[in-house]
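Please read the structure below before turning to the comments.
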Amino acid sequence: MNLQFLDVASPTVVLEDISYLQSILSLKWVKMRVVKDIHKLKKYLEQFDYLSYSKNKTHANDDDFDDLLESAIKTYQLNFHLNSNRALDTETVSKMMMPRYGVADIINGTRVNVVSPVAGAFQTWAANTYFRFSRIYNYRDTNITIGFQRRDHGDGNPFEDPGGTIAHAFAPTIGRFNYDADETWSVSARPGNMHLETIALHEIRHLLGLSHNSIENAIMYPSIAERTSKRLDRDDIE
C-alpha cells in the first residue's frame, strides 16, 4: 500500500485581502498608533503563532499598532532571516503576501522543524511493515494530512487545555493527523515538552487503522508522560 502525506501542513493559505498591506509599507512602530486594517495583519500573525492575545485581549481586534504587534513583526522577520527592524518594509510585506502552507511557524513561542521528526516516524513504520509512504506537496492529492490545531477545529474532536488529549488521528479513509498546538512540543525529549516523533509514531498507527494496546512499553499504550521518547516495541509490529 502506498500512502502519501503532505509536508506537515494544512492547505495553502492565501490572504483573502492583501491590499491593506500595500498601504502600510514602511510603517514604523509608534505605540498606540491607529492604522487602518492593521487588525487583519494581527489575525495573520496569530494564525501562524507569531502573535497571541490570550493573556491580554485589549487590542486583539482593533487597529492599534501595539507593542505585542511590534514584537510579533520582529519575530516574523527573524524567522525568515529578514532585517529585524520591526517595520513593515517592502521585504517583510512581500514575504507576507506570498502563498504559503497553513501550519504555524512558531509553536508556543518556539521555532520547531516538524518535518524531520514526522518523516522519521513514517520511515520507522515503513522499515517495520509493508507500508510505503511518499512525501508530496499537492494538498488535493494526499491520503494523509498532518497539522497543528487548537480547540474546536472542525473534526468533531476538539482539543482542550494542555495536558489532556495531545494529538489524534483518523483511520482510513479520513487520514487526518492533528497535534494540539497548545501543547509544548520538541524534537528532543525535554522536561515539560512532548516528543514530536514519539507522538507521530503512535498516531501513524491509528492512521493505518490500528488501535491501542495495554503494554506500557509499547508505542500504542494509550497514555504518555512529558519528556518521554519511545521506539517501536515488538508488540507494536507483531
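The values are calculated or read from the model by the stated rules, or taken from the named source; none is laboratory data. Just so we're clear, the structure is a prediction, and the values are computed from it rather than from any experiment. Virtual Cβ from ideal backbone geometry, glycine too; neighbours counted across all protein chains shown.
Observations on the model:
- Pairs where the first residue, in the stretch 225-238, is over 13 Å from TRP185 (Cβ atoms) and the second is among the basic types (Lys, Arg) and not in a loop (DSSP other than H, G, I, E, B), C-beta under 8 Å, 6+ apart: ASP236/ARG205
- Here ASP49 fits the description: in a loop (DSSP other than H, G, I, E, B), at positive phi and at pLDDT below 80.
- When the residues of the stretch 117-140 are filtered to those that are assigned to a strand (DSSP E or B) and farther than 20 Å from LEU196 by Cβ, the one that is modelled with the lowest pLDDT is ILE136.
- The listed residue being more than 17 Å from GLY120 (Cβ to Cβ) and surrounded by fewer than 17 Cβ atoms within 10 Å (Cβ to Cβ), out of HIS212, HIS206: HIS212
- Condition check for ILE224: in a loop (DSSP other than H, G, I, E, B), closer than 24 Å to ASP49 by Cβ, aliphatic (A, V, I, L, M) and in contact with a His (Cβ under 8 Å, 6 or more places away or on another chain): yes
- Condition met for GLN22 (of a type outside the set (Lys, Arg) and either at pLDDT 80 or above or within 30 Å of PHE133 (Cα to Cα) (or both)): no
- In the stretch 147-164, of all residues being at pLDDT 85 or above and surrounded by 13 or more Cβ atoms within 10 Å (Cβ to Cβ), the one that is nearest to the chain's Cα centre (by Cα) corresponds to PHE159.
- Test: residue in the stretch 164-172 that is without any contact (Cβ under 8 Å) to a residue 12 or more places away in the chain, among the hydrophobic types (A, V, I, L, M, F, W, C) and in a loop (DSSP other than H, G, I, E, B): no
- Residues in the stretch 77-92 that are surrounded by 15 or more Cβ atoms within 10 Å (Cβ to Cβ) and in a helix (DSSP H, G or I): GLN77, ASN79, THR92.
- From LYS95, LYS74, residue being at pLDDT 80 or above, part of a helix (DSSP H, G or I), over 30 Å from HIS195 (Cβ atoms) and not aliphatic (A, V, I, L, M): LYS95
- Of the residues making up the stretch 62-78, not one is among the β-branched types (Val, Ile, Thr) and either within 10 Å of ARG33 (Cβ to Cβ) or touching a residue at least 60 places away in the same chain (Cβ under 8 Å) (or both).
- ARG132 meets all of the listed conditions (1) among the basic types (Lys, Arg); (2) closer than 30 Å to SER52 by Cα; (3) loosely packed, with under 15 Cβ neighbours inside 10 Å but one, namely (2).
- Subset of the stretch 51-63 (residues that are over 20 Å from ASP182 (Cα atoms) and surrounded by fewer than 18 Cβ atoms within 10 Å (Cβ to Cβ)): THR58, ASN61, ASP62, ASP63
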